[in-house]
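> Before we start, here is the structure in question, set down as structure tokens.
Every number in this text was worked out from the coordinates using simple rules, so none of it is lab data. Keep in mind it's a predicted model, so treat the numbers as computed, not measured. In this analysis, Cβ positions are derived from the backbone assuming ideal geometry, glycine residues included, and neighbour counts consider all displayed protein chains.
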Amino acid sequence: MSVTFCPDQPAGGPVELGASIECSAYPSTDRRCFADYDAATAGLADHYRYCTDPDCGEHAYRPFVVVHYSTDTEPSLNVSRRHAMLLLRALGLVAELGADDVDEPAPAAPPPEQDTPLFGDLDAEQMLGRVELALALAPADAGVPARYLNTAGTQYDCGRSAGYLQDRLTVLREVALFARDQTRDVVWH
Ligand SMILES: [Zn+2]
């Protein structure tokens, strides 16, 4: 479960740039670029014939088709739900006051959008202002040490490294700057 902050989709949706074939071989030996998904799928037959990777094949790791979009290389920020709450609080986008790094209990079903701050969108200029304000005002993130949550040692909290908040806010600033240049909102979900 994670939350991604990214520029809203461009008007008309992302542009499809082509497709390629990925398999277990690293580095990739199949560098062909196909016009679209169907062309790449047809190209799988040749891949099976010529790929020499021992783990690649119908009975091991199947090669698969990846479609590339104009939005693939846009800046985005992906964080856990808990860390998303930390960010949203620092940005003043959560209603409650004075809360710190509270672990949200996992909801039984996906909540409707209006009931959670974990879905939202904001004008890029406004997001940029909130990010700059948070970077100026939020105290340096001291981090949280990793620890076991129960004595049996079966539940582990990875914690958070020092400076985490400021580091992620800096990435979010890149997202907001890009979105503003593109005249798009910043969305998170
Ligand atoms: Zn292969």
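> What Rg and what Dmax come out for the range 10-82 when only alpha-carbon atoms are used, in angstroms?
15.0, 46
> In deg cm²/dmol, rounded to 500, what helix-only [θ] at 222 nm does the chain give when every DSSP H run of at least 4 residues adds -39500 (n - 2.57) and the total is split over its residues?
-9000 deg cm²/dmol
> What does the charge dipole of the chain about its Cα centre add up to, to the nearest 20 debye, if the Cβ of each Lys and Arg holds +1 and the Cβ of each Asp and Glu holds -1?
420
> What is the distance in Å between the Cα centres of the range 164-184 and the range 1-62?
Value for the Cα centre distance between the two parts: 28 Å.
> Below 8 Å between Cα atoms, with a sequence gap of 6+, how large is the relative contact order for the chain in percent?
RCO, the chain: 29 percent.
> A further question follows. In whole angstrom, how long is each semi-axis of the equivalent ellipsoid of the chain, when you take the square root of 5 times every eigenvalue of its Cα gyration tensor and sort them from largest down?
38, 24, 15
> Amide H neighbours of Glu74 under 5 Å, counting only residues 5+ apart in sequence or on other chains, H built in-plane at 1.01 Å?
none
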